[in-house]
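Bear in mind these aren't lab numbers, they're just calculated from the coordinates by the rules spelled out. Since we're looking at a predicted model, the values are computed, not measured. Because the Cβ atoms are built from the backbone with ideal geometry, glycine has one as well, and the counts that use them run over all protein chains shown.
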Amino acid sequence: MVYASVDAAVIKLLTNPIFMRMAGTLVIFVGAVLFFWWISRRLRAQLTKPPEPRPAQGGGVDFSLAAYQGVIQKYREQERLRDEERQRAVATEKVNTAVLSQLPSGVILFNRLGLVQQANPAAKGIFGYASPLGLHARDLFKGITALRSADASAESGSGAMLKTLNGCIANGQPAQRLEADYLTPQGKARVLGITLSPVRDPQGATLGVACLTSDLTEISDLARQMRLREDLALLGEMSAGIAHEFKNSLATISGYAQMLRQEPDAGTVHNFAAKIADETASLTRVVTDFLNFARPQSAENALSEPTLLRALIEECAQNCAVELDLSGCLPTVMIEGDATAWRQAFSNLLRNSAEAARPGVPAQVSVIAEHEQNQLRITVRDNGCGISPAHLEKIFIPFFTTKPQGTGLGLALVHRIVTLHGGSIKVSSTDGGTEFVFTAPSKIGAAVTAGATG
């Protein structure tokens, strides 16, 4: 009964609208109080805790964009460093190219196969190739006729040069200094100084060979002329005293021969005396030539004056059995220096041409005089039998002769006269004749070229 009355009271209460409104208002009030309490706690916690870094707006998209920008920045930095490296490499290459192009010595780089990879302008001019790039060493060095090493050993041909180059490539042999006689494709003879040195990478492996080349032609010619002058000076000192005594003896013989000629009615004695006089005259001429050769001379101390070259040659030819062709020598051409010395030089050359004439063929000598820059060039050629290659290099050596009655001093005296005037002399010869070439510096005002067969 009690439970039934309680249930009825509760039902009545729940169905009372006034109670329900009051209960709802209470629930809403309690909920609002709890809500504001929770809000106040959150606000207090936010105000008291340290600030945390806020993520970028956009979340994962903003983070990806920032990472991409970082990669781009690093790439740009690497590109900048690469550009700077390329600029330094280009600047270094320009400096290397400028240095190589202005070097007076030739520089050639061979790779391990022996092919030319690089050559500066000087090397192109020395070897006579407009573009040697890609040439093999055997083609570049085929003009070598003789090779001399530092130990004074000599070998002919280009084989020794190729052997040395291959050894430098294969074994990395140290730099070697060589001297070569070289003939360019244009036919010019040169003396070259060649140094080979292996080129290695930082690890020591051989990449190729650097070939440094210098043109020693002028230096070699000058050294050869200086050696010849020294030999001639030594010979003059040694022989001057002997020749002087010899000439005194000849004077005595000549005096006695003249006395024998005065003996009456002595035909045989007179005949012998005449022969003695003729022989002493011939010996006197030989000794005079020898003394002219041996006597110390200087073109600076001699009387230097211009002389008509054509008239001088015609005068010299009067005592020589030669036919002159002077159509190439104008009558007004002048040669300066010691006229007496030049007369001796041309007389010896013309006499040499006459003695070298072919049997039954008149000796003919042609003369051509022409100006080259500040020099006078005179060429005298003959139609003689020529000089053999074996004798060609010895014709200026005193006392060297192939003639039974020759003294071997004529061409040596010619060489001495030319060098005393500051000139140089060259000779060439074929079966059709011989040619000598004289040159003199511009201060002398003349360059002489003469040719004769020895």
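Based on the Cβ-Cβ distance of R229 and L113, what FRET efficiency does E = 1/(1 + (r/R0)^6) give at R0 = 56 Å, to the nearest 0.05? Display every interim value, and only then the final one.
Values: r = 47 Å, r/R0 = 0.84.
The pair R229/L113 has a calculated efficiency of 0.75.
Starting from the Cα of I11, step 7 Å along the direction of its Cβ; do the same at S327; then give the gap between the two resulting points in nm.
16.7
Hey, with R₀ at 60 Å, roughly what FRET efficiency would E314 and A130 work out to, going by the Cβ-Cβ distance, to 0.05? Please list the in-between numbers first.
Details: r = 47 Å, r/R0 = 0.78.
Using R0 = 60 Å, I get an efficiency of 0.80.
Where does the charge balance sit around V322 when Lys and Arg score +1, Asp and Glu -1, over other residues with C-beta under 12 Å from its C-beta?
Numbers: positive: R351, R381; negative: E314, E323, D325, E355, D382.
Net charge in that neighbourhood comes out at -3.
What is the extension gain from I28 to E218, computed as 0.36 nm multiplied by their sequence separation minus the C-alpha to C-alpha distance, in nm to one decimal?
Values: separation 190, 0.36 × 190 = 68.40 nm, distance 12.29 nm.
Gain on stretching I28 to E218: 56.1 nm.
Given 0.36 nm per residue, what is the gain on full extension from K403 to R82 after removing their alpha carbon distance, in nm? Before the final figure, lay out the partial values.
Values: separation 321, 0.36 × 321 = 115.56 nm, distance 7.97 nm.
Contour length minus the Cα-Cα distance gives 107.6 nm.
Obtain the nm distance between the two label points defined at L183 and Q203 by a simple spin-label model: each point lies 7 Å from its Cα along the Cα-to-C-beta direction.
4.5
Would you kindly calculate the translational diffusion coefficient of the range 309-354, applying Stokes-Einstein with the Kirkwood radius from alpha carbon pairs, for 10 °C and a viscosity of 1.306 mPa s, and quote it in µm² s⁻¹ without decimals?
Working: Rh = 10.9 Å.
Reported coefficient: 145 µm²/s.
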